[in-house]
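Engineer: Sending over a structure as structure tokens; questions will come in a sec.
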Amino acid sequence: MLSEDDGFKKTELDDYLAEKLLPNEEGFDILMWWKCNGSKFPILQKIARDVLAIPISTVASKSTFSMSGNKKEIQGKNQDESKTVAYDDDVE
């Protein structure tokens, strides 16, 4: 293992990885852990905040990106301007 005596500076990530592992328990609150321990790892806390802020989606990716079968006719001012376009119901 590298040490500061070898000319390498120990980083915040090194300190985080040296922490004792917590048992894998159901109901573990990762947000509370970062709230309590973030002062020891301020840079990693910012990264964790960005990653953990991403909303979870339960929509299957195939249905999210598929537009087959979803068509709607758009009426123009006259019959010649009418056209059928594909759309996705879930997209706003």
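Engineer: Using 0.36 nm times the number of residues separating Leu17 and Ile56, minus their current alpha carbon distance, what extension gain do you get?
Structural biologist: 11.4 nm
Engineer: Also: Efficiency by 1/(1 + (r/R0)^6): what FRET value for Lys9 and Ile30, r their Cβ-Cβ distance, R0 = 22 Å, to the nearest 0.05?
Structural biologist: Once rounded, the FRET efficiency stands at 0.20.
A short reminder: the numbers here are calculations on the coordinates, not readings from a lab. Being a predicted model, the structure only gives us computed values, none of them experimental. Backbone-built Cβ (ideal geometry, glycine too); neighbour counts: all protein chains shown.
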